[in-house]
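Heads up: the structure comes next, in structure tokens.
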Amino acid sequence: MMTPSDVKATLSFSDGSPSMELPLYKGSVGPDVIDIRKLYGQTGKFTYDPGFLSTASCNSTITYIDGDKGELLYRGYPIEQLAQNCDFLEVCHLLIYGDLPNQEERVKFVKNITYHTMVNEQMQFFLRGFRRDAHPMAVMTGLVGALSAFYHDSTDVHNPQHREIAAHRLIAKMPTLVAMSYKYGVGQPFIYPKNSLSYTGNFMRMMFATPCEDYEPNEVLVRAMDRIFILHADHEQNASTSTVRLCGSSGTNPFAAIAAGVACLWGPAHGGANEAALQMLEDIQRNGGVEKIGEFIKQVKDKNSSVKLMGFGHRVYKNYDPRAKLMRETCHEVLNALGLHDDPLFKLAMALEKIALEDDYFVSRKLYPNVDFYSGIVQRAIGIPVSLFTAIFALARTVGWIAQLNEMIGDPEYKIGRPRQLYVGAAPRQVRPIGER
Ligand code: CMC
């Protein structure tokens, strides 16, 4: 709900054009916004903000980030409390319906999700069209898009029941699809979901069991994976979520809109950073380990090199990413549970973090570890191959995408997204006959 502010902004021009008064709206917490919707109509001018550095693209009730404080709230609840006290499906309920479930609601929600864990058998044949060595994110983009061809009874985005069923289906089927894409890549038979297990226990079984050997879920590892899901579940209007909203704003099929989110997430500046961060740590380790950190940091600081400290920096957090703190804690737990307290990559990551946090380059730019700095080490210890990291991020973020998409479609004020531009190309000119060009 947008609350009008008593304050108004005045926009004036140095060329004597009439000034314009702009209304402000207040959020429940966080910065106010200046409403520029009538700007073009009244002044004939657009605003210019590539990368959306100062632009709120929507109003939302789902997630709040205070980047300076390093605070993340889902529906008002601090991420630390959710990570400590809830499981992923409770967090899904929170994101989709606005609050944590009570006991009865929890049972009903778990049942609804569990009911949808299988995918149409035909999906296997679709999957088999991919090369075995295809990147899991290429496969996931295709598989999630393909859902739109299989589930025709939940694709009317203007029908709230359809939106709800599509949300349930997506949350339920993502673990099945991620595990299928993994099994296909390694040439093992697909393992069907087992609905007596927890959401995350079931995912890990579909990943690691084979028809000849069942998988006994290890509580610490299941809890760690569940925490990875919780920490990645939503993050307000990031690139992939904005992609889902923009794609969905045309009224497209919800599965297709989520596939667009998967495609966007793949990039190394976004979800692909967890894979890139682990590869970076492995490279440093191969080339000399802790001894070589100084040399690596020098490269990162060199403006002529394109080397970045992956897993560091964030558009919104100008403080320690709260998810990174929780991930570091989980990293300790998992490595201890597996007897890997001396894991060289974890030691390297901690040494790298310490040096970076004391270096003026990072301090002055407010660059801190983000969630991806430690999540790769946890996933690797659990046995997840590096190339699957971003697909696991997509699995977790699906609930955020669908909650945001459904919020947008349910908003009576929503319009198709259509940014404008500053055109700097050729002025109007005449086409000359080919012989005269
Ligand atoms: N290593 C070295 N320098 C960096 C880094 C980094 N990881 N991140 C930012 N900088 C520098 C950047 O070069 C710039 O320096 P200068 O002012 O001298 O030109 C300054 O810090 C500001 O950076 P920016 O590129 O303007 O910041 P941004 O908000 O556009 O980019 C980012 C944010 C996340 C894309 C960027 O920090 C980055 O590429 N980090 C590494 C990739 C990464 O870990 N991404 C995961 C983000 S969290 C998970 C998710 O949301 O998907």
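Summary of computed values
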read-out: Residue-averaged 222 nm ellipticity for the chain, from DSSP H runs of 4+ at -39500 (n - 2.57), nearest 500; value: -15500 deg cm²/dmol
read-out: At R0 = 35 Å, FRET efficiency that the Cβ-Cβ distance of ASN336 and ASN304 yields, to 0.05; value: 0.25
read-out: Theoretical FRET efficiency, 1/(1+(r/R0)^6), r = Cβ-Cβ of ARG432 and LYS45, R0 25 Å, to 0.05; value: 0.15
read-out: Euclidean distance between Cα centres, the range 401-422 to the range 207-247, Å; value: 26
read-out: Cα pair distances of the range 191-247 binned at 10 Å [whole percent]; value: 22, 36, 24, 17, 2
read-out: Percentage relative contact order, the chain, counting C-alpha pairs under 8 Å, at least six apart; value: 19
read-out: Between the range 329-384 and the range 1-26, the alpha-carbon center distance in angstrom; value: 46
read-out: Separation of the TYR192 and ARG365 label points, Cα + 7 Å toward Cβ, nm; value: 5.2
read-out: Cα centroid separation - the range 41-87 against the range 106-185, whole Å; value: 28
read-out: Share of alpha-carbon pairs per 5 Å distance bin for the range 315-425, given as whole %; value: 2, 9, 14, 16, 15, 12, 11, 8, 7, 4, 2, 0, 0
read-out: Sequence-distant aspartates and glutamates (8 or more away, or on other chains) whose Cα lies within less than 13 Å of LYS38; value: GLU21
read-out: Positive-pole candidate from PHE346, VAL386, PRO369, dipole of the range 341-391, charges at beta carbon; value: VAL386
read-out: Long-range HN-HN contacts of SER5 with modeled amide H, under 5 Å; value: LEU24, TYR25, LYS26
read-out: Sites GLN122 and ASN218, calculated FRET efficiency, Cβ-Cβ separation with R0 30 Å, nearest 0.05; value: 0.35
read-out: Point-to-point label distance, ASP411-GLN161, nm (Cα→Cβ direction, 7 Å offset); value: 2.7
read-out: Binned Cα-Cα distances of the chain, short to long, each 20 Å bin given as a whole percent; value: 23, 53, 22, 2, 0
read-out: Selected from PHE13, PHE109, PHE130 as most flexible by GNM, with the chain as the system and alpha-carbon contacts under 10 Å; value: PHE13
read-out: The range 138-274: C-alpha pair distances exceeding 19 Å, %; value: 57
read-out: Contour excess over end-to-end distance, with Cα ends at SER14 and THR55 and 0.36 nm allotted per residue; value: 12.4 nm
read-out: Electrostatic dipole magnitude of the range 185-241 [Cβ: Lys, Arg +1; Asp, Glu -1; Cα centre; debye, to 20]; value: 60
read-out: Rounded to whole Hz, the Karplus (6.51, -1.76, 1.60) HN-Hα couplings of the range 68-79, x for glycine and proline; value: 6, 7, x, 10, 9, 10, 9, 6, x, 8, x, 4
read-out: Residues VAL178, VAL186, VAL110, VAL244 arranged by fewest to most Cβ contacts within 10 Å; value: VAL186, VAL110, VAL178, VAL244
read-out: Global form of the range 127-189, assessed from the alpha-carbon gyration tensor, a/c cut-off 1.5; value: prolate
read-out: Cα long-axis angle, helix 199-208 against the chain (0 to 90 degrees, to the nearest 10); value: 60
read-out: Student exercise, the range 124-191 dipole from Lys, Arg, Asp, Glu Cβ charges, in Debye to nearest 20; value: 280
read-out: Additional length obtainable on full extension of the chain from VAL107 to GLU291, 0.36 nm per residue less Cα span; value: 61.0 nm
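FYI, it's all coordinate maths here, none of it is from the lab. A quick note: this is a predicted structure, and the numbers were derived from the prediction, not measured. All Cβ positions, glycine included, derive from the backbone under ideal geometry; neighbour counts span all protein chains shown.
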